[in-house]
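Structure record follows, encoded as C-alpha cells.
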Amino acid sequence: MLLKDRVAIITGGARGIGRGIALKFADEGCSIAIADVRMAESKKTLAKILKKGREGLAIQCDVADSLNVHNMVDKVISKFGKVDILVNSAGIGPSPNSIADIPEDEWDKVLAVNLKGVFLCCKAVVPHMKEKRYGKIVNISSGAAISPPASLVHYTASKAGVLGMTYDMALELAPFSITVNTILPGPIRTEFWGNVVPPGKEDEFFTDFGKRLVPMQRVGTPEDIAGAALFLASDLSVFVTGEYINVGGGQPLHYQF
Ligand code: NDP
C-alpha cells in the first residue's frame, strides 16, 4: 500500500473529485479527514472510509474562514498527531459571465474559497509538516489556469493563483522535504457542473462535451484525478515538487481537424 499509516486532510472531500481522492487514498492505507461545508455528504464519505478499515474524521469547515481552518487542523492533530498530506480540492465554479457583468461580491467569494482557502489550509498545516520534516501538498487547480475558457475571469484568476502559490511554496518548503504540486483537471463529471448542465440532460451533455472537446472523447471521472493525486501524495513522487500535471484526457491540447 502506497500510503500506509499516512494521515491526509482532503478539503472538499464530501463529494466529487475530493471524494474520489479520499476513497483511493483509503484503499492505499491512509487515514482521512474530510473537511467540507457539506456535513451530511462528508459523513457518507467517512462511512465508506471506515468500511474499508481505515480511520477518519468528518469536519465541518469553510476553507475561506481562518478560524474554521485552525479548528479543523487542531482536530486532526488531536486525533492523529500529524498531517502528512493536504489535498486542496474544495472549490466553487461560478456561472460564465462577461467581466463587465461579474458582481464584485462574486469575485470576492470565488477568490476567497478557491485561492484564500488554499492559502489558509497550507498556512495551518505547514508548521506541523515542518516539525516532522515531511509533507505532501496536492492542489486541485484547473486546466483553466493555463487555458482559460473565457467569461470566467474570477475562476481563472483563482486557479492561476493556485499555480503561482504552488511554485512559491515548493521553493520555500523543499528544504523540509515538503513537496507542493498541482493537478489541472480537465472536465470531470461531478455536481460542480450544476449551474451549466440542463437538469435531466446530464448524460447527453457530458457525452457531447467529451466527444467535441476532449481528445480522448470523454469527460473524466473523480477516479481519473485520484490516480494522479495518489502519485503526488505518495513517495512515488518523492523528488517531484513545484510541478503541475494536466489530467484532462488530452486537454488542454487543441483538438481540431
Ligand atoms: P464538487 O462541487 O463536486 O465538490 C466540491 C466540494 O467542495 C463540495 O462538497 C463543495 O460544497 C465543497 N466546498 C465548496 N466551498 C467550500 C468551502 N468554502 N469550504 C469547504 N468546502 C467547500 O466539485 P468538484 O469535485 O468537481 O471540484 C473539486 C475541485 O476541482 C474544485 O476546486 C474545482 O474548481 C476543481 N475542478 C473541477 C473540474 C470539474 O470538471 N469538475 C475541472 C477543473 C477543476 P458545495 O457543493 O456546497 O459548494
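Values computed for the structure shown
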quantity	calculated
Karplus-derived HN-Hα couplings along segment 220-233 (A = 6.51, B = -1.76, C = 1.60, θ = phi - 60°), whole Hz, x at Gly and Pro	x, 10, x, 5, 4, 6, 4, x, 5, 5, 4, 4, 6, 8
In Å², nearest 10: area of E191 left accessible to a 1.4 Å probe	110 Å²
Net charge of Cβ neighbours under 12 Å - reference I9; Lys, Arg +1; Asp, Glu -1	+2
Max mean-square fluctuation residue, GNM over the chain, Cα-Cα springs under 10 Å, options S141, S177, S78	S78
Calculated over segment 78-120: convex hull of Cα atoms, volume per residue (Å³)	91 Å³
Pairs of Cα atoms farther than 24 Å apart, segment 54-185, %	32 percent
Gyration tensor (Cα) of the chain, equivalent ellipsoid semi-axes in angstrom	28, 20, 19
Within-15-Å neighbourhood charge of A170 [Cβ basis; K, R +1; D, E -1]	-1
Prolate/oblate/rounded label for segment 117-189 (Cα gyration tensor, a/c 1.5)	prolate
Per-pair calculated FRET efficiency, R0 = 45 Å: D101 and Q60 via Cβ, rounded to 0.05	0.85
Volume per residue of the C-alpha convex hull in segment 16-97, rounded to whole Å³	97 Å³
Among V197, V125, V113, residue whose mean-square fluctuation peaks in a GNM of the chain (springs only between Cα atoms under 10 Å)	V197
FRET efficiency for K75 and I146, using Cβ-Cβ distance with R0 set to 35 Å, rounded to 0.05	0.50
Rounded to the nearest 10 Å², the accessible area of M216 at probe 1.4 Å	130 Å²
In order through segment 152-166: 3J(HN,Hα) via Karplus (6.51 cos²θ - 1.76 cosθ + 1.60), integer Hz, x for Gly, Pro	9, 4, 5, 5, 4, 4, 5, 6, 5, x, 4, 5, x, 4, 4
Neighbourhood net charge (11 Å Cβ-Cβ; Lys/Arg +1, Asp/Glu -1) for S95	-2
Contact order relative to length of segment 2-138, as percent, for alpha carbon pairs under 8 angstrom and 6 or more apart	25 percent
Candidates G194, G12, G91, ranked by Gaussian network fluctuation over the chain, Cα under 10 Å, top entry	G194
Alpha-carbon centroids, segment 214-257 and segment 80-137: separation in whole Å	20 Å
Cα-based radius of gyration of segment 68-139 once divided by 2.2 N^0.38 Å, which approximates compact folds	1.38
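The values are calculated or read from the model by the stated rules, or taken from the named source; none is laboratory data. Keep in mind it's a predicted model, so treat the numbers as computed, not measured. All Cβ positions, glycine included, derive from the backbone under ideal geometry; neighbour counts span all protein chains shown. To get the accessible areas, we keep the full protein, side chains included, count just its heavy atoms, and leave off ligands, DNA and RNA. Shrake-Rupley method; radii C 1.70, N 1.55, O 1.52, S 1.80 Å.
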